[in-house]
Amino acid sequence: MKLDGGLRLQKFIADCGIASRRKAEEMIADGLVTVNGRVIKEMGFKITPGEDAVKVNGKLLRVNTSEKVYLLFNKPTGVISSLHDPEERPTIKDFLVKVRERVFPVGRLDYHTEGLMILTNDGKFSQSIIHPEKYVTKTYLVKLNGKLNEEKTKRLLAGVTLAEGKVKALAVHRTTQGDQYDWYKVVLVEGRNQQVQRLFNKIGMDTKKIKRVAIGRLNLGELPRGHYRYLTEEDAFKALEPYKKI
């Protein structure tokens, strides 16, 4: 057992298609992972695939050598964006009963937010999407209880301070105007919990509805709520392409 040389334990778990690297780190911290029978909690721990026996919850892992799979899913509101929920609320797994491949969600989408999610068995791809240093953009349609004025728009673009740090919009653009409610397209980089709702709350506005419509240049399109479709690798990797101004 070693802390240098070999492959990082969390990366090996992700490469096996069990979970994203971030989720794998949570599993390690929770003491769910053993290497050669010993519980490992060190994030820097490295193993030699094919020599070291790695288990998660007692199940022996093997590198996923199957074809990489990418799914686009339109998550409804009131659905947990993980495969399991201890409170037995509806999860995205309930909508994937016909998917034979073992896939996991790339990041999360808030319980009350609907829209685009990616599922895959490609751990490296997943890490590229969720790693904060990759600056992958997420585009949302937001229905507001009120109207944005120029001052508040400038505050969104300049950034507001939340408990975890500063969050700002890269772009804000009104798409639909109504008597009481307006819809806006908002582009963000950060992936904080309930970030869209909290961002607008910070400038004194309430969100009535939030829908994620794009990650990078991968768009949700007309996919109905609760449905999924398979992506080609070329389409999936559009999520990593630089954002273009709206």
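Considering region 173-210 alone, what residues qualify as being crowded, with 20+ Cβ neighbours inside 10 Å, more than 14 Å from the chain's Cα centre (by Cα) and assigned to a strand (DSSP E or B)?
Y184, V186, T207, I210
Between a residue in region 35-51 that is touching a residue at least 40 places away in the same chain (Cβ under 8 Å) and farther than 16 Å from E25 by Cα and any residue that is among the aromatic types (F, W, Y) and surrounded by 12 or more Cβ atoms within 10 Å (Cβ to Cβ), which pairs come within a Cβ distance under 8 Å, given they are 6 or more apart or on different chains?
The qualifying pairs are P49/F12.
Of the residues that make up region 61-68, is at least one part of a loop (DSSP other than H, G, I, E, B), of a type in the set (V, I, T) and at pLDDT below 90?
Taking every residue of region 61-68 in turn, at least one turns out to be part of a loop (DSSP other than H, G, I, E, B), of a type in the set (V, I, T) and at pLDDT below 90.
So which residues in region 48-57 are within 29 Å of I118 (Cβ to Cβ), at pLDDT 90 or above and touching a strand residue (DSSP E or B) at 6+ places or on another chain (Cβ under 8 Å), if there are any at all?
Selection gives V54, K55, V56.
In region 142-164, how many residues are under 12 Å from T207 (Cβ atoms) and of a type in the set (S, T, N, Q)?
1
Taking interchain pairs and intrachain pairs at least six residues apart, which have beta carbon atoms under 9 angstrom, with the first residue in region 147-159 and farther than 12 Å from L170 by Cβ and the second surrounded by fewer than 12 Cβ atoms within 10 Å (Cβ to Cβ) and at pLDDT below 95?
Going by the 9 Å Cβ cut-off, the qualifying pairs are K147/Q177; K147/Q180; K152/G204.
For G115, which of the numbered conditions (1) in contact (Cβ under 8 Å) with a residue 60 or more places away in the chain; (2) on the phi < 0 side of the Ramachandran plot; (3) not acidic (D, E) fails to hold?
(2)
Collect the residues in region 75-102 that are assigned to a loop (DSSP other than H, G, I, E, B) and under 22 Å from E222 (Cβ atoms), keeping them in residue-number order. So that I can check it myself, show each step before the final result.
Within region 75-102, the first condition is being assigned to a loop (DSSP other than H, G, I, E, B), and the residues that meet it are 76-79, 81-90, 96-102.
Those that are assigned to a loop (DSSP other than H, G, I, E, B) and under 22 Å from E222 (Cβ atoms): P76, T77, G78, V79, S81, L96, K98, V99.
Search region 69-87 for residues being under 21 Å from M27 (Cβ atoms) and of a type in the set (G, A, S), and hand back the single one that is modelled with the highest pLDDT.
S81
Considering G44, G17, which residue is over 10 Å from G123 (Cα atoms) and not hydrophobic (A, V, I, L, M, F, W, C)?
Result of the check over G44, G17: G44.
The values are calculated or read from the model by the stated rules, or taken from the named source; none is laboratory data. Predicted model only: the values in this text are computed from it and were never measured. Neighbour counts are summed over all protein chains in view; Cβ atoms, including those assigned to glycine, are modelled from backbone coordinates with ideal geometry.
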